[in-house]
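The values are calculated or read from the model by the stated rules, or taken from the named source; none is laboratory data. Worth saying up front: this structure is predicted, and the values here are computed from it rather than measured. Neighbour counts run over all protein chains shown; Cβ positions are idealised from the backbone, glycine included. Just so you know, the surface numbers come from the protein's heavy atoms only, side chains and all, with ligands and any DNA or RNA stripped out. Shrake-Rupley method; radii C 1.70, N 1.55, O 1.52, S 1.80 Å.
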Amino acid sequence: MHDKAWTRKRFLFDRLLYTAAFFFAILLVLVVLWLDRMEAGLPVKPDNLVYLFLLAGAVWIGVLIYDYVRQAGYASALNKRLGESAQSSLDSALFLPFRTMEQQAVNELLQKQHRAYLSTLSSYRAAQEQHLHFTNQWVHQLKTPVSVIDLLIQQSEGTLTPPERIQELLTSIQEENEKIASGLQMMLYTARLEKFELDVHPRRIELTAVARRIVNDYKKACIRASIFPKIESSAPDIYVETDEKWLSFVLHQLIGNAIKYSRKREGNKPLLIRIEQKSYGTRLEVQDSGIGIAAEDLPRVFDAFFTGENGRGVVTESTGMGLYLVKQVMSRLGHQVDIQSEPGQGTTVSLMFQSQGLHRFGERDEAGGVRPGSRVTKM
């Protein structure tokens, strides 16, 4: 039997205080009765007092027996559950045959805790499965650029390669290396997302400067794909309060996607980053001239691992995690993200920074104030 099992001995021990209080109260009643009769000059028969005491004790014993019988079923079921293994107790809900309101309340509390446990366990299992799936997919995607680099090196070995061919090989190797770097960055930030609250440091930043820096990171990729980025700002300085590192990651994903899905098209292609001050806050848009997204795929683009029609046919190296991470990061920062697209016309992703949110300090000073006017910066 479990060392915490409910037994008769434990039952009596739990009611020892009530028993002592009951008999003490009976004794006080008898003493008062005896004193009252003595004061009135009436005879007191000790046998009657003893009889009353024993009668009260019999009533109390009857109450204890009734209470024990009433709780026997609950106690038996409880002992059975205490004897089960820890895993069995966690995997099944606790349903005990209650007879009292207290037992019912305990049952409801235990069932509530069990539901909370199952919910937490389910979320952890889903996160683990998602992480495992993403890791497998990420490793599979990185094998492609590694194989391409190895093939390019093999093609250049043992031959007198002309300078223009060497430059072409180096460019191809650089492209594949950029894919590896992008995959490593996504994997790193996916791992950091698990402890997001420990890795976020909101502060006031100027959006145009951040956007320009991210665009510069993709300068070579834009040149290779004949993409011409442009940053438009409705004011010289537009500040928001956010985490610069996480926002940079979001912009990396959006601009990387814009290049990835625009380079398949022929000719020169514009890439517009528009920053506007609105009455409700600030909006940053990344608008490309790529292949667009099918209407039936649009509602699911923020789902994990969803690649849609484009991921299956046009860009086979898509993991389906980029926009999912964008949505997760923006939500945790207190911002919003929206996407609009039309097949063959391009895609626009909007980031909204509300004026009453995490990202705004309140009233801005003169140095960081928004001044009227408009600025267009060509990269």
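Let's see how each residue does on (1) in a helix (DSSP H, G or I); (2) at pLDDT below 75; (3) over 30 Å from Thr319 (Cα atoms); (4) under 33 Å from the mean Cα position of the chain (by Cα):
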position: Phe95; (1), (2), (3), (4): no, yes, yes, yes
position: Leu110; (1), (2), (3), (4): yes, no, yes, yes
position: Leu118; (1), (2), (3), (4): yes, no, no, yes
position: Ala126; (1), (2), (3), (4): yes, no, no, yes
position: Leu152; (1), (2), (3), (4): yes, yes, no, no
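Beta carbons closer than 6 Å, at least 6 apart along the sequence or on distinct chains, pair a first residue in segment 23-52 that is without any contact (Cβ under 8 Å) to a residue 40 or more places away in the chain and part of a helix (DSSP H, G or I) with a second that is small (Gly, Ala, Ser) and open to solvent by less than 90 Å² (accessible area, probe 1.4 Å) for Ile26/Ala56.
Return the total of residues in segment 4-22 being of a type in the set (Ser, Thr, Tyr) and in contact (Cβ under 8 Å) with a residue 24 or more places away in the chain. Number of matching residues: 1. Scanning segment 194-209 for residues that are at pLDDT 90 or above, open to solvent by 30 Å² or more (accessible area, probe 1.4 Å) and of a type in the set (A, V, I, L, M) yields one hit, Ala209.
Looking only at segment 179-224, filter to residues that are among the basic types (Lys, Arg) and assigned to a helix (DSSP H, G or I); which one of those is nearest to the chain's Cα centre (by Cα)?
The selected residue is Arg192.
Listed by first and then second residue, the pairs linking a residue in segment 266-290 that is touching a residue at least 24 places away in the same chain (Cβ under 8 Å) to a residue that is aromatic (Phe, Trp, Tyr) and open to solvent by less than 10 Å² (accessible area, probe 1.4 Å), with Cβ atoms under 6 Å apart and 6 or more places separating them unless they lie on different chains, are Gly281/Phe353; Thr282/Phe353. Answer yes or no: is there a residue in segment 246-261 that is surrounded by fewer than 18 Cβ atoms within 10 Å (Cβ to Cβ) and in a helix (DSSP H, G or I). Yes, that holds for at least one residue.
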